[in-house]
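The values are calculated or read from the model by the stated rules, or taken from the named source; none is laboratory data. These figures come from a predicted structure and were not determined experimentally. All Cβ positions, glycine included, derive from the backbone under ideal geometry; neighbour counts span all protein chains shown. All accessible areas refer to the heavy atoms of the entire protein, side chains included, with ligands and DNA or RNA removed. Shrake-Rupley method; radii C 1.70, N 1.55, O 1.52, S 1.80 Å.
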Amino acid sequence: MRPLPISRRWLIAGGIGLGVLLLVAIALGIVYPRVGAWMIRTRVGDKIAARTGRKVSFGSIDVQLGHAVLRGVEIRGPRDGSMPLVHVDRIDVEFDALASLVGKVSLGPATVDGVLVTVRRDAQGNDNVQDLIDRLRTPAPSSGAGGSTKRPPKITVTHARLVADDQVTGATALVADGDATWTPDGLVAHARGITATTTAAPKASIASLEVRKAAGVAPIFTLHG
């Protein structure tokens, strides 16, 4: 039995359909990740840089539908010395995939892992944080554009460390490990392995410190050890 001939119209329609599927695959697999990475580097990076007065750099950015991974994020200022003020190993951010296809950003939970904060004051008394504090105390200017991006509904920080060095007094401080969880309801943070040394006093240490800060309420500090 001879197969029924396929009309030219159906062949054309099939070819168009395959072409559309190929274009969608290319858009989602190649164009979408590159555009997403570019958006993060330019819009997000530039916004943080303008707000903090610091240079923001990204080691790599991997964007997929509904999920972005940022690696090797650094925030560096002119007085940081050999180490940046902030280095982050990895940031994972969830977002609404369908909304992103029409240019809207609706963020989900974010996880920040491997944070190193380096605070320093040089021998001339110049530190690398006071100007940042002054900037953050000033309300951010309104862009005047609708659809502004809100912060994630939950931010979790793991494996955080702090190194502080004051060359004026010879004091140093270290937080060996820490974590924090922020939601609109409040903040819960823990710091472990806290040590401080000065040239005029013996080494002091605290096993752990817990901070609980509910929204609209003064923080509560709990020391252990």
*If a residue has to be surrounded by 15 or more Cβ atoms within 10 Å (Cβ to Cβ) and modelled with pLDDT under 90 to count, how many in the range 66-78 make the cut?*
1
*Examine the range 18-31 for a residue that is at pLDDT 55 or above, of a type outside the set (Val, Ile, Thr) and over 28 Å from Asp134 (Cα atoms), and state whether such a residue exists.*
no
*Residues that are surrounded by 15 or more Cβ atoms within 10 Å (Cβ to Cβ) and basic (Lys, Arg), drawn from the range 183-209*: Arg192
*What number of residues within the range 135-146 are surrounded by 10 or more Cβ atoms within 10 Å (Cβ to Cβ) and either modelled with pLDDT under 65 or not in a loop (DSSP other than H, G, I, E, B) (or both)?*
2
*Could you look through the range 210-225, keep only residues that are β-branched (Val, Ile, Thr) and open to solvent by less than 60 Å² (accessible area, probe 1.4 Å), and pick out the one that is farthest from Thr158 (Cα to Cα)?*
Thr222
*How about the range 41-65: which of its residues are open to solvent by less than 70 Å² (accessible area, probe 1.4 Å), of a type in the set (Gly, Ala, Ser) and more than 14 Å from the chain's Cα centre (by Cα)?*
Gly53
*Give the range 106-122 a look and list any residue that's open to solvent by 30 Å² or more (accessible area, probe 1.4 Å), of a type in the set (A, V, I, L, M, F, W, C) and modelled with pLDDT of 90 or more, or say none.*
Val117, Val119
*From the set of residues in the range 79-105 that are of a type in the set (Gly, Ala, Ser) and open to solvent by 60 Å² or more (accessible area, probe 1.4 Å), which is modelled with the lowest pLDDT?*
Gly103
